[in-house]
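First the structure, in the form of structure tokens, and then the observations on it.
The values are calculated or read from the model by the stated rules, or taken from the named source; none is laboratory data. Fair warning: this is a prediction, and the values are worked out from it, not measured in the lab. We place every Cβ from the backbone using ideal geometry, glycine too, and count neighbours over all the protein chains shown. Ligands, DNA and RNA are stripped out before the accessible areas are found, and what is left, the full protein with its side chains, is counted by its heavy atoms. Shrake-Rupley method; radii C 1.70, N 1.55, O 1.52, S 1.80 Å.
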Amino acid sequence: MTLWTAIRMTIVLMVLTGIVYPLAMAGLANLIFPYQAQGSLIVRDGRVVGSALIGQNFSSVRYFHGRPSAAGDKGYDASASSGSNLGPTNKTLIQSVRQRLKDFLEKNPGVSASQVPVDLVTASGSGLDPEISPAAAKLQVAGVAKARGLSEDQVRDLVRAHTRRRWAGVFGEPGVNVLELNLALDDLSATLRVGMKTSP
Amino acid sequence: MSNGLIQVGLFSVLVTAVSVPLGLYMARVFTDRRTFLDPILRPLERAIYRVCGVNPGSEQSWVQYAVSMLLFSAVGMLLLYGMERLQWFLPLNPQKFGGVAPDLAFNTAASFTTNTNWQAYAGESTMSYFTQMAGLAFHNFVSAASGIAVAIAVIRGLVRRAAQTIGNFWVDLTRATLWVLLPISVIGALVLVWQGVPDNFSAYTQVKTVEGTTQTIAQGPVASQEIIKELGTNGGGFFNANSSHPYENPTPLTNLIELVAIFAIGAGLTHTFGEMAGDRRQGWALFATMAILFLVGAGSAIWAEQRGNPQFAAMGIDQRESAGQSGGNMEGKEVRFGIVDSALFATVTTDTSCGAVNSMHDSYTPLGGLVPLVNMQIGEITFGGAGSGLYGMLVMAILAVFIAGLMVGRTPEYLGKKIEGREMKLAMLFILIFPAVILVPAGIAVVTKAGLAGITNPGPHGLSQILYAYTEASANNGSAFAGLNANTLFYNSTLAVVMLFGRFLMKVPVLALAGSLAVKKSVPPSAGTFPTDGAIFVILLVGVILIVAALTFFPADALGPIVEHLVMIHGKLY
């Protein structure tokens, strides 16, 4: 008798909380917030170039670089989110951090190790962190400006415009969205090119 | 540092402000008084009872209550197991995932039924959308509701006089789901979507990135599952990276909402208890005890993580907190959360039985990682899991009055109920089962090949990985030192059994305790009664909790995180 009640109760609550509720919420979400509900996808020239919330790999000197990533084999695999899960006394962790620091210093001559903020040489929890710290962005301004033939002030202004503050001035930490910043850089470069062609 | 203090302070104020109205509302819900949601929910409730053959007017003895709870859990577990095995055949599977392997399906079914939500799988590469919602989200609701039901039954046992019954499990289960969990989830899910959490049934998005490579972005009905994952202190992430994934927790605001949701019910139930006991100060005393333990843990974790890794400092890397960066040990942490919000989340998620993570605990400094471990070892009674936190704390309160009674040579009382031999035996059973199902299997794992094979961080950290796994399983937490390679026959099966023992072997004695207290008459307080609503009681209770945990777990913790800390500061690597 109790078992029969348990079976019926399981089915009824499964339908209510496992089917009706998620379907209703997905419906409402797509009605009220369609952009967010579909994953905050960024569309350029009719194709999806990424999600505003999901980081991606950047290797060119013309772009700001995000954090090291442990998601998937090549990093930033958004179908295999993961941190490195390496412990603080694990040789592998220390060696990879040392290697990343070395690579960064080679690519950015004139920068010393003590200027490198820790987020730039450590992997995030998700492997998909879309942001770097403002300090990490600042450190890359000179290199990106040089590679693009822009002034450092132009790039710095763009970084400032893409710096997210703490919520309500208190919660979380400030960050710079790397994908959005790089897209804005491409836009700026494109406008300047057009400007050069049309000016007399 | 000062911003960290402000964040923790504001968060504490927010939790307190939410817990009082929520707790009083829950007291109304479970004493069948009118609430503002009745016009919508009463007809639905009646329909459910009619379909399921429940007579809401009839009450159950503790044995009937326990049998109903166990049968309901068993049926739900079988349903989830079947769903996982057959998901290739079921709808809403755009990625065409095959059936889940038997040992992993068993482990996951046990994990979600017990409110643990340990995940030996990665959601985005294993579970279909149908399994995620009808299997996993469903269990998020009912495992939490069943925990709340047991807590309410224990409160009834304490406050009723000479009663044979402690309520009706089916009614408590239904009312916890309809009146508490669902309405908050509906609102919470929409707020999360607004902030960027997706909620769709699309196939994974194929992206041509800015630099021309391809990226596959996993999608799904995330928001609806995300909110109940926190509110029900379940913690099973939609994605592998859990709440560190930007789709599960995109902004500092969603992080704050998730943090408050994790504490809300556990904190609220202390006030439900006070209200139902007719003496709100009794509830506040438990609340204060929990708040002290929370603040000590949060402070320690933030401090340890902010100090960073000495090996990084030796390379010259900048780990100092400044306007431009949070600094500290950022391995496994997200920029938007930094040190404070990550360490706070790690504390909150293990103060309760939640186990959601927004940073990777395995990569914490040894002392930073010790905080979540100790939080679980003291029994997750710091606000605690939905329901399980309150009944765990009440057992500790009974132990505390017993010890106080021994000191002055009087029969101990709690809320006017004499605590006698039978109650103490049941309380001790509850307290002893917990470490037994942690330390015995962890001991086996560290001396067997199959157990040692799971270690991915050698040295003392390897012991921490194994100790953490069995601690979280017994405590029904589900967070992890996630490097441990746990999707093996050995870990899937042993951890599943530990989760089931940790949940049901503890819930049954606690219901027996409720039944045993319910039949007692109440004795009026006298001059010799030890007051359980004041500062002395709170201090005693904190002391008892810490001493019990230290006596049980200190040797193991000393060999894991504490040794690792000592070798780390001397620069030794493994």
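Peptides B:7-14, A:19-26: what's the order by average Cβ count within 10 Å, highest mean first?
The densest-packed peptide leads the list: A:19-26, B:7-14.
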Average accessible area per residue (Å²) across the stretch B:520-574 - probe 1.4 Å, nucleic acids and ligands excluded: 55 Å²
For the stretch A:141-156 and the stretch A:164-199, what is the centre-to-centre distance using only Cα atoms, to the nearest Å? 12 Å
Please report the orientation-averaged projected area of the stretch A:39-198, defined via the convex hull of its C-alpha atoms, in nm². 11.3 nm²
Rounded to whole Å², per residue accessible area for the stretch A:58-200 with a 1.4 Å probe reads 45 Å²
With x for Gly and Pro, the residue-by-residue ³J(HN,Hα) of the stretch B:401-416, computed from phi through the Karplus equation 6.51 cos²θ - 1.76 cosθ + 1.60 at θ = phi - 60° and given in whole Hz, is 5, 5, 5, 4, x, 4, 5, 9, x, 10, 5, x, 10, 9, 6, x
³J(HN,Hα) across the stretch B:516-532 via Karplus (A = 6.51, B = -1.76, C = 1.60, θ = phi - 60°), whole Hz, x for Gly/Pro? 5, 6, 4, 6, 6, 7, 9, 9, x, x, 10, 4, x, 6, 7, x, 9
Using a cut-off of 15 Å between alpha-carbon atoms, which aspartates and glutamates can reach B:Lys507, once sequence neighbours fewer than 8 places away in the same chain are excluded? B:Glu380, B:Glu423
Per residue, how big is the convex hull around the C-alpha atoms of the stretch B:36-77? Give it to me in cubic angstrom, could you? 106 Å³
Using protein heavy atoms only (no ligands, DNA or RNA), what is the total accessible area buried between A and B, 1.4 Å probe, nearest 100 Å²? 8500 Å²
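At a 1.4 Å probe radius, carbon and sulfur cover how many percent of the accessible area of the protein assembly as shown? Show your work: numbers first, answer last.
Details: 17630 of 26720 Å².
Carbon and sulfur atoms account for 66 percent of the accessible area of the protein assembly as shown.
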In whole Å, what is the distance between the alpha-carbon centres of the stretch A:1-73 and the stretch B:1-60? 27 Å
Which number do you get for Rg(Cα) / (2.2 N^0.38 Å) in the stretch B:18-278? 1.08
Would you please give the residues with an amide H less than 5 Å from that of A:Ser79, counting only those at least 5 places away or on a separate chain, with H modeled from the backbone geometry? B:Thr216, B:Ala218
Over the whole of A:129-139, what's the average partner chain Cβ count within 10 Å per residue? Rounded to a whole number, please. 5
Most packed first (mean Cβ within 10 Å per residue), the peptides A:133-143, B:38-48 order as A:133-143, B:38-48
Degrees separating the helix A:21-32 axis from the principal Cα axis of chain A, which is the longest one: 40 degrees
So what's the angle, to the nearest 10 degrees on a 0 to 90 scale, between helix A:152-161 and the longest Cα principal axis of chain A? 20 degrees
Alpha-carbon gyration tensor eigenvalues x 5, square-rooted, for chain B, Å: 36, 29, 23
Take chain A, connect every pair of alpha-carbon atoms lying under 10 Å apart with a spring to form a Gaussian network, then pick out the residue of A:Thr122, A:Thr89, A:Thr163 with the largest mean-square fluctuation. A:Thr89
For the stretch B:363-377, list whatever residues lose no less than 30 Å² of accessible surface once every protein chain is in place, relative to that chain by itself, with the probe at 1.4 Å. B:Ser363
Rounded to whole angstrom, the alpha-carbon centroid of the stretch B:383-444 lies from that of the stretch B:153-183 at a distance of 21 Å
Grab the alpha carbons of the protein assembly as shown, take their convex hull, and tell me the volume per residue in Å³. 148 Å³
For B:245-253, B:547-555, ranked highest to lowest by mean beta-carbon neighbours within 10 Å, the order is B:245-253, B:547-555
Can you give the FRET efficiency for B:Lys418 and A:Asp186, using 1/(1 + (r/R0)^6), R0 = 60 Å, r = Cβ-Cβ distance, to the nearest 0.05? 0.20
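Of the cross-linked pairs A:Lys74/A:Lys146; A:Lys74/B:Lys229; A:Lys91/B:Lys449; A:Lys91/B:Lys572; A:Lys102/B:Lys333; A:Lys102/B:Lys572, which ones have a Cα-Cα span greater than 20 Å in the structure shown? All intermediate terms of the calculation are to be shown ahead of the outcome.
Numbers: A:Lys74/A:Lys146 27 Å; A:Lys74/B:Lys229 30 Å; A:Lys91/B:Lys449 23 Å; A:Lys91/B:Lys572 9 Å; A:Lys102/B:Lys333 22 Å; A:Lys102/B:Lys572 22 Å.
The pairs that break the limit, which is 20 Å between Cα atoms, are A:Lys74/A:Lys146; A:Lys74/B:Lys229; A:Lys91/B:Lys449; A:Lys102/B:Lys333; A:Lys102/B:Lys572.
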